[in-house]
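Worksheet: one structure, shown below.
Coordinate-derived values only; no laboratory data. If you're wondering where the values come from, they're calculated on a predicted model, not measured in any experiment. Backbone-built Cβ (ideal geometry, glycine too); neighbour counts: all protein chains shown.
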Amino acid sequence: MGLPVVILNVGLLVALIIWFSFKKDYSHVNPWLYLSGVFIQLTHFLEEYYTRFYERLPLLFDARPWTACQFLTFNIIWIIIFCISVIGVFKKIHLSFLIMWFFVSDETIIFPDFTRQ
């Protein structure tokens, strides 16, 4: 998948750096804000599915289009992971914040990249 995977890996690296260096007191983190972000991501995923974005995006990277099944599987797995981490953030489970930082870092890395065109 080339460049998109590199972007995701950079997001994970940023999340790991933040997670390791972040103070272990998460009392100021608003889990409702994270939950709303996951809900927005879910609606964005549905919009991409119905507009068949999974067929067009790979062409920007000279890659083969995804099938609907591949796109659904990839996104549903991530939505489940994000939802489980939302529960963990509400319960202040430390590992859940790594997923939260990954969610935040990838959204800030990917979207500015596509809006520069």
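Using θ = phi - 60° in the Karplus curve 6.51 cos²θ - 1.76 cosθ + 1.60, the 3J(HN,Hα) couplings for region 60-69 round to 5, 10, 6, 10, 6, x, 7, 7, 4, 5 Hz; x is entered for Gly and Pro. Legend: calculated FRET efficiency, TYR50 to LEU16, from the Cβ-Cβ distance at R0 = 30 Å, rounded to 0.05, equals 0.35. 3J(HN,Hα) along region 78-90: 5, 4, 5, 4, 5, 5, 5, 5, 4, 4, x, 5, 4 Hz, from the Karplus curve 6.51 cos²θ - 1.76 cosθ + 1.60 with θ = phi - 60°, whole Hz, x for Gly and Pro.
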